[in-house]
Amino acid sequence: MNAVAQTEFVVRSIADTAIENEKYFGDLDSVVGDGDFGYSLARGFEKLLEGWDGIDRSDAGTFLKRCGMVISSRIGGTSGPIWGTAFLRAGTACGDAAELSGEQVVAMLRAAIDGIKARGQSDVGDKTLLDALVPMTDRLEQEVKAGAGAEDAIRAMAGAAREAADATSSMVAKRGRAAYTGERSRGSVDAGAMAVAVITERISETWQKQGAAS
């Protein structure tokens, strides 16, 4: 697939997963948060899909940045700016590349991570989506450097995201509404981190089914 088709595939997978898991993500968030994460994410990505055919696809970077603008304005609460910034930064890093190499995907994810850190004033260890996104990206980079194929690299990345998301249950939240609960936030996984894991697993499964690696 070319870069536009690859980014379309990933964004569509993210949107479908967010919508289908609205209740699950909301239930996770309601343990120590305000419970609106699943609802906000689903409504925002529904809006993105409503205008799907009209999004500028002149190149992959432009496509991602346009998606980021919709997400920023349509997802409620703090999630909109954070997820939107991730898409915008990834799109900037992607640029007008005709095809995406593993190294470029890693660079796009690193750019998204830097954007999230800056926008959310957060880092690894604060019990946020970064606690799945960063280990996931680290694993992808390892796989790419080892010469793994796309399918194997994505599968490994998904496994790392799930393991890291599960591990957030032992953390104390330091950002967002959950931070106000202090020690009570320990014992439950972070909703954002688990969303990253579930979404990445969906991308891996769908990629394999569709033979997208070829």
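The values are calculated or read from the model by the stated rules, or taken from the named source; none is laboratory data. Quick caveat: nothing in here was measured; it's all calculated off a predicted structure. Cβ sites come from the backbone with ideal geometry, for glycine too, and all protein chains shown count toward neighbours.
Of the residues VAL106, VAL32, only one is part of a helix (DSSP H, G or I), within 19 Å of ALA132 (Cα to Cα) and aliphatic (A, V, I, L, M); which?
Numbers: VAL32 fails: part of a helix (DSSP H, G or I).
Being part of a helix (DSSP H, G or I), within 19 Å of ALA132 (Cα to Cα) and aliphatic (A, V, I, L, M) holds for just one of VAL106, VAL32, which is VAL106.
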### Query
Any idea which of (1) buried (at least 16 other Cβ atoms within 10 Å of the Cβ); (2) over 23 Å from GLU151 (Cβ atoms); (3) among the hydrophobic types (A, V, I, L, M, F, W, C) is the one ALA15 doesn't satisfy?
(2)
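Restricting attention to region 39-90, and to residues there that are assigned to a loop (DSSP other than H, G, I, E, B) and not charged (D, E, K, R), which single residue is surrounded by the fewest Cβ atoms within 10 Å (Cβ to Cβ)?
Restricting attention to region 39-90, the residues satisfying the condition of being assigned to a loop (DSSP other than H, G, I, E, B) are 51, 55-59, 75-78.
Filter once more, so that each one left must be not charged (D, E, K, R): 51, 55, 58, 75-78.
Working: GLY51: 12, ILE55: 18, SER58: 10, ILE75: 25, GLY76: 13, GLY77: 18, THR78: 16.
In this case the residue turns out to be SER58.
Kindly provide the set of residues from region 118-147 that are assigned to a helix (DSSP H, G or I), of a type outside the set (A, V, I, L, M) and surrounded by 18 or more Cβ atoms within 10 Å (Cβ to Cβ), ordered by number. Give the steps one after another, and end with the answer.
If we filter region 118-147 for residues that are assigned to a helix (DSSP H, G or I), which is where we start, we get 118-120, 130-145.
Remaining after also requiring of a type outside the set (A, V, I, L, M): 119-120, 131, 135, 137-139, 141-143, 145.
Hits for region 118-147 are ARG119, GLY120, ASP131, PRO135, THR137, ARG139, GLU141, GLU143.
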### Task
Could you look through region 167-195, keep only residues that are touching a helix residue (DSSP H, G or I) at 6+ places or on another chain (Cβ under 8 Å), over 24 Å from PHE45 (Cβ atoms) and assigned to a helix (DSSP H, G or I), and pick out the one that is modelled with the lowest pLDDT?
ALA179
### Task
Go through (1) part of a loop (DSSP other than H, G, I, E, B); (2) crowded, with 19+ Cβ neighbours inside 10 Å one by one and return the number of the condition ILE113 breaks.
(1)
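Kindly indicate whether ALA156 is closer than 24 Å to GLY76 by Cα, within 19 Å of the chain's Cα centre (by Cα) and modelled with pLDDT of 95 or more. Reasoning before the result, please.
Values: closer than 24 Å to GLY76 by Cα: no; within 19 Å of the chain's Cα centre (by Cα): yes; modelled with pLDDT of 95 or more: yes.
The answer is no for ALA156.
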### Message
Given (1) acidic (Asp, Glu); (2) at pLDDT 95 or above; (3) within 28 Å of MET1 (Cβ to Cβ), identify the lone condition not met by GLU151.
### Response
(2)
### Task
Being touching a Lys or Arg at 6+ places or on another chain (Cβ under 7 Å) and not charged (D, E, K, R) is the filter here, so list the residues in region 108-120 that pass it.
ALA111, ALA112, GLY115, GLY120
### Task
Only residues in region 136-149 that are closer than 13 Å to VAL105 by Cβ count as the first member; pair them with residues that are among the basic types (Lys, Arg) and modelled with pLDDT of 95 or more, Cβ under 7 angstrom, at least 6 apart or cross-chain, and list the lot.
THR137/ARG110
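Test ASP27 against the stated conditions and say whether it is surrounded by fewer than 23 Cβ atoms within 10 Å (Cβ to Cβ), farther than 29 Å from ALA97 by Cα and without any contact (Cβ under 8 Å) to a residue 12 or more places away in the chain.
Numbers: surrounded by fewer than 23 Cβ atoms within 10 Å (Cβ to Cβ): yes; farther than 29 Å from ALA97 by Cα: yes; without any contact (Cβ under 8 Å) to a residue 12 or more places away in the chain: yes.
Criteria met by ASP27.
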